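Trainee: The structure follows.
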Amino acid sequence: MKDIIEIIKNKKTKFDALKPFSKTFLTNIEDWYKTELTYTSNAIEGNTLTRQETAIVIEKGLTIEGKSITEHLEAINHAKAYEYISSMNLENIKKINKQIILKINEIILQNIDSQNAGLYRNIPVRIAGSTVVLPNPLKVPDLMDQFIDWLQNSKKNPPEIAIEAHFKFVSIHPFIDGNGRTARLLMNLILLTSGYPPLIIFKKNRIYYINSIEKGQLTGDLSDYEYFMFKAIEKSLDARLDLIKQPTIKTPTKLLKIGELAKETGETIHTLRYWTKMELLKVTKYSEGGYQLYSPDVIKQAKKIRKLQKERRLTLA
């Protein structure tokens, strides 16, 4: 484990050496993180909105046919909660307190379970499909006080604190609902406060992520969980370093409308829209007029999709 911690430390040094970042870059990357973290964190909890649908809901305020009101509210609320933590600019981790944690959960559950939003649970809860026994609700206030005291006084490095805080928090499960999303936002607040980019847990890793937490809770062996989370921090640093090197991210005027992408790839607009709907192509952002804008990198991806289809290695329904 020491090796990966050292790798993260070295990459963080490289990341810091590239600061300060341009205002345009920071605006674009924050918009991306808001959508990506909202999509992935909600997907882990069973929300069925796609990445594109999540972007439409939080960026354009539109509703998606066939999706529940709760799923829409989960997207809107998580985006607001991310805006809350990303705008705090705390001096250090010691400034993270009970009020901040309660506020995160309050935003997460706003208009979903307003009666319990931002309040510690007063009833027993269980994790669906798990044999883990969670603390008695009467113990939750004291456990959270101990947790916050530990958080504010830990001498470990920020990635270790963030990962351990996430595990401790979900093991207390202090709220009736929204514990996972609150835990991930708290973890990312710790990372952001310490100058790290947010950690993203992708939907494809959901089962491993959940199982590694459960293994730690049942056996006390956190090795799988810690390694998985440290690797996620490393990947987040790698992704941010790669983005900084890409001029297309810094220069939004170079993003392509779908018609321009069609000309560059030789594909029809209808085909590109279908591939986007299937999440084979990724929209970088939306213009004020609601147009989908693509990074020039998508040209290569579209050509790759066409090549795979010709080779019959990719079949779409």
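Laboratory data are not the source of any read-out in this text; all were calculated from the coordinates shown. Being a predicted model, the structure only gives us computed values, none of them experimental. Using ideal geometry, Cβ is built from the backbone for each residue, glycine included, and neighbour counts are taken over all protein chains shown.
Trainee: Which value in deg cm²/dmol, rounded to the nearest 500, describes the helix-derived mean residue ellipticity at 222 nm for the chain, given -39,500 (n - 2.57) per DSSP H run of n ≥ 4 and division by the residue count?
Mentor: Taking each H run of at least 4 residues, the total per residue is -19000 deg cm²/dmol.
Trainee: Let me ask something else about it. For 125, 283, which order do you get if you count the other beta carbons within 10 Å of each Cβ and list the fewest first?
Mentor: By the 10 Å Cβ count, ascending: 125, 283.
Trainee: I would also like to ask the following. Near residue 187, within a Cβ-to-Cβ distance under 14 Å, what is the net charge of the other residues, with Lys and Arg +1 and Asp and Glu -1?
Mentor: Result for the neighbourhood of residue 187: +1.
Trainee: Using alpha carbons only, how many degrees (0 to 90, rounded to 10) separate the axis of helix 2-17 from the longest principal axis of the chain?
Mentor: 60
Trainee: If each residue of separation counts as 0.36 nm, what is the full-extension length gain between residue 150 and residue 299 once their alpha-carbon separation is subtracted? Walk me through the intermediate numbers first.
Mentor: On the way: separation 149, 0.36 × 149 = 53.64 nm, distance 4.88 nm.
Result for the pair: 48.8 nm of gain on full extension.
Trainee: Please list, by residue number, everything in segment 51-94 whose backbone N is under 17 Å from a paramagnetic label point 7 Å out along Cα→Cβ of residue 202.
Mentor: 51-52
Trainee: OK, next. Angle, helix 179-193 long axis vs. longest principal axis of the chain, Cα atoms, 0 to 90°, nearest 10?
Mentor: Compared with the principal axis, the helix lies near 80 degrees.
Trainee: Rounding to the nearest 10 and keeping the result within 0 to 90°, find how far the Cα-based axis of helix 69-86 lies from the longest principal axis of the chain.
Mentor: 80
Trainee: For segment 36-41, in order, what is each residue's ³J(HN,Hα) by Karplus, 6.51 cos²θ - 1.76 cosθ + 1.60 with θ = phi - 60°, in whole Hz (x at glycine and Pro)?
Mentor: 5, 5, 5, 4, 5, 5
Trainee: Ok, one more. HN-Hα J couplings of segment 89-98 from phi, Karplus 6.51/-1.76/1.60, θ = phi - 60°, integer Hz, Gly and Pro as x?
Mentor: 3J(HN,Hα) across segment 89-98, in whole Hz: 6, 5, 5, 6, 4, 4, 7, 6, 10, 4.
Trainee: Can I ask one more? Please list, ordered by chain and number, the residues whose modelled amide H lies under 5 Å from the amide H of residue 176; skip anything fewer than 5 residues away on the same chain.
Mentor: Residues meeting the amide H criterion: 121.
Trainee: Could I ask something else about it? Across segment 28-34, in residue order, what do the Karplus-derived ³J(HN,Hα) couplings come to in whole Hz, using 6.51 cos²θ - 1.76 cosθ + 1.60 with θ = phi - 60° and x for Gly and Pro?
Mentor: Result, rounded to whole Hz: 5, 6, 5, 4, 5, 4, 4.
Trainee: Here's a follow-up. Which length gain, in nm to one decimal place, applies between residue 257 and residue 115 when the Cα-Cα distance is subtracted from 0.36 nm times their residue separation?
Mentor: On the way: separation 142, 0.36 × 142 = 51.12 nm, distance 4.40 nm.
Difference between extended and current length: 46.7 nm.
Trainee: When the chain is fully extended, how far beyond the present Cα-Cα distance does residue 7 get from residue 50, taking 0.36 nm per residue of separation?
Mentor: Using 0.36 nm per residue and subtracting the Cα-Cα distance, I get 12.2 nm.
Trainee: Quick check on my link table: of 2/155; 67/282; 80/155; 19/103; 168/235; 95/245, which ones sit more than 25 Å apart, alpha carbon to alpha carbon?
Mentor: Over 25 Å apart, Cα to Cα: 80/155; 19/103; 95/245.
Trainee: So what is the relative contact order of the chain, in percent, for Cα pairs below 8 Å that sit 6 or more residues apart?
Mentor: Rounded, it is 18 percent for the chain.
Trainee: Something else: Using a cut-off of 13 Å between alpha-carbon atoms, which aspartates and glutamates can reach residue 277, once sequence neighbours fewer than 8 places away in the same chain are excluded?
Mentor: 53
Trainee: Place a label point 7 angstrom from the Cα of residue 95 along the Cα-to-Cβ direction, then list the residues of segment 179-198 whose backbone nitrogen is under 13 Å away.
Mentor: The answer is 190, 192-195.
Trainee: A further question follows. Using a cut-off of 10 Å between beta-carbons, work out the net charge of the residues near residue 215 (Lys and Arg +1, Asp and Glu -1, residue 215 not included).
Mentor: Net of charged neighbours comes to -3.
Trainee: Next question, about the same structure. Within straight cross-link reach of residue 9, meaning Cα distance under 14 Å, which aspartates and glutamates are found once same-chain residues fewer than 8 apart are removed?
Mentor: Excluding near neighbours in sequence, the set is 160, 234, 238.
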